[in-house]
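Worksheet for the structure shown next.
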Amino acid sequence: MANKLRTGMDWLNRKLKQHAGESLVYSRGVHSVTLTAIPGKTLLQLNDDLGGVRVEWTDRDYLITASELILNGSVTLPQRGDQIREVIGSQTKVYEVTAPGPEPVWRWSDEGQQVLRVHTKEIGVE
């Protein structure tokens, strides 16, 4: 049964990327890769160090097929400070891979660990 579920998830991820994906450039220093990712947002629940919880939206999240995140010839995982450039309308928006506080900057988006959910914050427009 697990193989059927994984096959179905792979098919669904391909269709989602085909119909909702956006072209972007993912970079770390001088290394970059152009790929197709699915944009979105995440609502994070964060401790406020006073015993309460605050909620905060990421500016933009990207669902990226893990095997396509290749920098300097090697498959890699996102790191805080990496940048993503996406053309939206007539502007190229620049996002930095980050998450508030101690939250991780990425997490797996699927059971099979094929798709990364990368959290970002807009840092500029080119």
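Numerical summary
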read-out	value
Test: residue in segment 84-94 that is at pLDDT 95 or above, assigned to a strand (DSSP E or B) and touching a Pro at 6+ places or on another chain (Cβ under 8 Å)	yes
Selection from segment 97-113 of residues that are over 15 Å from Pro39 (Cβ atoms) and either touching a Pro at 6+ places or on another chain (Cβ under 7 Å) or outside any loop (DSSP other than H, G, I, E, B) (or both)	Val105, Arg107, Trp108
Enumerated strands (runs of 3 or more DSSP E) restricted to segment 37-80, each holding at least 1 residues that are at pLDDT below 70 and touching an Asp or Glu at 6+ places or on another chain (Cβ under 8 Å)	43-47, 53-57
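The values are calculated or read from the model by the stated rules, or taken from the named source; none is laboratory data. What you see is a predicted model; the values in this text were computed from it and never measured. With ideal geometry, Cβ positions are generated from the backbone for all residues, glycine too; neighbour counts draw on all protein chains shown.
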